[in-house]
Amino acid sequence: MTEDFNPFALNSYFGASYFCDRKNELNFLQKNIKNRNSTTLISQRRMGKTSLIQHLFHSLPPKHIGISIDIMSTTSRRDLLNTLTTAIAINVPSQSSFGKKVWDFIRSMQPNISFDPLTGSPQVSINITTPNDDNYIESIFNFLEIQPQKIVIAIDEFQQILNYPEENTDAWLRTFIQKLNNVIFIFSGSRTHLMSELFSNPARPFYRSTQFINLEKIDSKEYTKFIIKHFKKSKRKIPSKIVSEILDWTYGHTYYVQALCSRIYDMDVQEIDSQTWKTAAYEILKSEESVFLKFRDLLPTNQWKLMKAIAIESKVYKPTANKFTTKHKLGTSATVLKSLKALINKDMLYIGYSEDEQKFYSTNDVFFERWAQWRNYP
Ligand SMILES: Nc1ncnc2c1ncn2[C@@H]1O[C@H](COP(=O)(O)OP(=O)(O)O)[C@@H](O)[C@H]1O
Ligand SMILES: [Mg+2]
C-alpha cells in the first residue's frame, strides 16, 4: 500500500494490518471450525461481522476452503441456491484440481452461465431442468461433503430466509445441513431480533445447533493503540485522550470510528486535537444531511418524529412513557407503538439490551443520531 494510503477501511477488507483486534472472536471461530461446530454471528449493522469473516477466511488453515455469500438480495430458495453455486464457482480458482471438479459438477446440472457485464465474473443460474430445490441443494451439499478439503460456508444476512415465499426455509435447510460432516457454517445477520428468533427460539429447528457470537464493539484499549499506530505511521500525532473523545462520540461503533478517523486522516493535520475531530465530525454530518432529510420525506410524519426523538435521547427504554411522548409531541401510545413497529420492520431502529437486561430502542445509525442531537441543540 502506498504511503498516503488511508488505512481506515470503510467498505472492504484491506488485510490483517488494517484489521483491528477481534482476537477472541477469531480464536472462537477457528476453534468451532476445528471442532466442526457451526457459528451464529450477530451484531448491529456495521459492527464488523463481514470483515471478521473475511479476516477469518484470510487465515484459514491449509486444506480448508472458505466460501462466503451475502443473501440480502435473495428472494427465494432457488435464489439462495443459485447465489451459493455462483459463490462456489467464484471462490475456487478454476485451474485448481478442486476448481475443475467444481466446474464439472456445475456443468452436470445444465446451468445457464452468464458473465457479469461489469466485473466479468460468472453468474450461474440453474435452469428448470433440475425439477426441485431439494435435489439441487442435495447435489451441492453431497458434492462438497466428498471433497478432501474442509469447506467453511459463511452466509451473511441469513435472516433474509424469513422473507422467502416458501415457509419454514430454516427447517428445510436444517434437514440437509445436519447430515454434513465436511461442511461448517457461519450464519451471520444484522437483524438481531430475527436472528435470535431463528437460533434462540426452542420451537425453531436451528435452536442450540450453533455456537453464538454477539459481536460487540472493539476493545477501546486495542482500538486506541490501532488508531494511534496508523496516524504515527504517517508521522502524525493523536493523543490517546483525543482518541477516547472520538470513541465516545462514535460509541466505539466500528464503521463510524473508521469513517471519522478516515476523514481526520484526509485532513492532513500534524497534531490532532479536539477541534480537529470536531471539524471532521461536522463535515461528515453536513455531507450526510441530505440523506437524513430524505428520511424525512420518505417516512410518514409520525415515524419521522419518533425516529428523531429516539435519536435525540440516544437510548429509549419506555417509548410510550408520558414524559417522552409529551416532550417530543408524539401523540398517543397507540400511535407511537404503530410507528415503532414500522421503523423496526424497516431496520431503522435497533433493539438492544442494557447490562441489567432492560430492553431499549436506538436508531441504527450513529451519524443520524449525532446529526439529530446537533440539529436539536438550542
Ligand atoms: N476489526 C476491524 N478493524 C478495522 N476496521 C473494521 C473492523 N471490522 C470492521 N471494520 C470496518 O467497519 C465497517 C463495517 O464493517 P462490516 O464488516 O461491514 O460490518 P457488518 O458486516 O457487521 O455490517 C467496514 O468499513 C470495515 O472496513
Ligand atoms: Mg455485513
- Please label the shape of region 180-315 as rounded, prolate or oblate, based on the square roots a ≥ b ≥ c of the eigenvalues of the alpha-carbon gyration tensor (a/c under 1.5 means rounded; beyond that, a/b larger than b/c means prolate, else oblate). oblate
- Test item: Cα-centred dipole of region 299-378, Lys/Arg +1 and Asp/Glu -1 on Cβ, debye: 440 debye
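Using the per-residue mean of other Cβ atoms lying within 10 Å as a proxy for protection, in what order, highest first, do the peptides 9-21, 236-248 fall?
236-248, 9-21
When ligands, DNA and RNA are left out and all protein chains stay put, how many square angstrom of accessible area per residue does region 299-378 have with a 1.4 Å probe?
That works out to 56 Å² per residue.
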- Hey, what does the equivalent ellipsoid look like for the chain, semi-axes from the Cα gyration tensor as sqrt of 5 times each eigenvalue, largest first, whole Å? 39, 28, 19
- Message: Restricting to Cα pairs below 8 Å that are 6+ residues apart, what does the relative contact order work out to for region 22-214? Please round to a whole percent.
- Response: 33 percent
- Taking 0.36 nm per residue of separation between residue 342 and residue 203 and subtracting their Cα-Cα distance, the length gained on full extension comes to 47.5 nm
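Report Rg(Cα)/(2.2 N^0.38 Å) for region 22-214, keeping two decimals.
Rounded to two decimals, the normalised Rg is 0.99.
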- Task: Could you order peptides 312-319, 300-307, 47-54 by the average number of other Cβ atoms within 10 Å of their residues, highest first?
- Result: 47-54, 300-307, 312-319
- Charge dipole (debye, nearest 20) of the chain; +1 at Cβ of Lys and Arg, -1 at Cβ of Asp and Glu: 720 debye
- Item | Tilt relative to the chain, helix 23-34 - C-alpha long axis, 0 to 90 degrees, to 10 | 20 degrees
- Going by alpha carbons, how many degrees (0 to 90, nearest 10) lie between the helix axis of 254-267 and the longest principal axis of the chain? 60 degrees
- Task: Using the Karplus curve 6.51 cos²θ - 1.76 cosθ + 1.60 with θ = phi - 60°, work out ³J(HN,Hα) for each residue of region 323-335 in order, rounded to whole Hz, and write x for Gly and Pro.
- Result: 4, 6, 5, 6, 3, 9, 6, 9, x, 6, 4, 4, 4
- Task: May I ask you to evaluate 6.51 cos²θ - 1.76 cosθ + 1.60, the Karplus curve with θ = phi - 60°, for each residue of region 50-61 and list the ³J(HN,Hα) values in order in whole Hz, giving x for glycine and proline?
- Result: 4, 5, 5, 5, 5, 5, 4, 5, 6, 10, 5, x
- The simple spin-label model distance between residue 58 and residue 14, using points 7 Å out along Cα→Cβ, in nm, is 1.0 nm
- Using the beta-carbon distance between residue 318 and residue 147 and R0 = 51 Å, what value does 1/(1 + (r/R0)^6) give for FRET efficiency, to the nearest 0.05? 0.45
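How much length would be gained if the chain were fully extended between residue 297 and residue 193, taking 0.36 nm per residue of separation minus their Cα-Cα distance, in nm to one decimal?
34.7 nm
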- Task: Could you compute the FRET efficiency for residue 282 and residue 45, with r as their C-beta to C-beta distance and R0 at 30 Å, rounded to 0.05?
- Result: 0.80
- Mean ellipticity per residue at 222 nm, deg cm²/dmol - from DSSP H runs of n ≥ 4 across the chain, formula -39500 (n - 2.57): -15500 deg cm²/dmol
- Message: Relative to 2.2 N^0.38 Å, what does the C-alpha radius of gyration of region 277-353 come to as a ratio? Two decimals please.
- Response: 1.19
- Query: Against the longest principal axis of the chain, how steep is helix 133-145, in degrees 0 to 90 to the nearest 10, with axes from Cα atoms?
  - Reply: 80 degrees
- Message: Charges at C-beta only: +1 for Lys and Arg, -1 for Asp and Glu. How large is the resulting dipole of region 22-214 about its Cα centre, in Debye rounded to 20?
- Response: 820 debye
- Query: Taking R0 as 22 Å, what's the FRET efficiency between residue 373 and residue 275 from their Cβ-Cβ distance, rounded to 0.05?
  - Reply: 0.70
- Query: Please state the relative contact order of region 299-378 as a whole percent: Cα pairs under 8 Å, 6+ residues apart?
  - Reply: 37 percent
- Message: Could you check the spin-label model distance between residue 179 and residue 266? Points 7 Å from the Cα along Cα→Cβ, value in nm.
- Response: 5.2 nm
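Tell me the relative contact order for the chain as a rounded percent, counting alpha carbon contacts under 8 Å between residues six or more apart.
It rounds to 18 percent for the chain.
The values are calculated or read from the model by the stated rules, or taken from the named source; none is laboratory data. In this text, all values refer to a predicted model and were calculated from it rather than measured experimentally. Quick reminder, even Gly has a Cβ in these numbers, built from the backbone with ideal geometry, and neighbours come from all protein chains shown. Ligands, DNA and RNA are stripped out before the accessible areas are found, and what is left, the full protein with its side chains, is counted by its heavy atoms. Shrake-Rupley method; radii C 1.70, N 1.55, O 1.52, S 1.80 Å.
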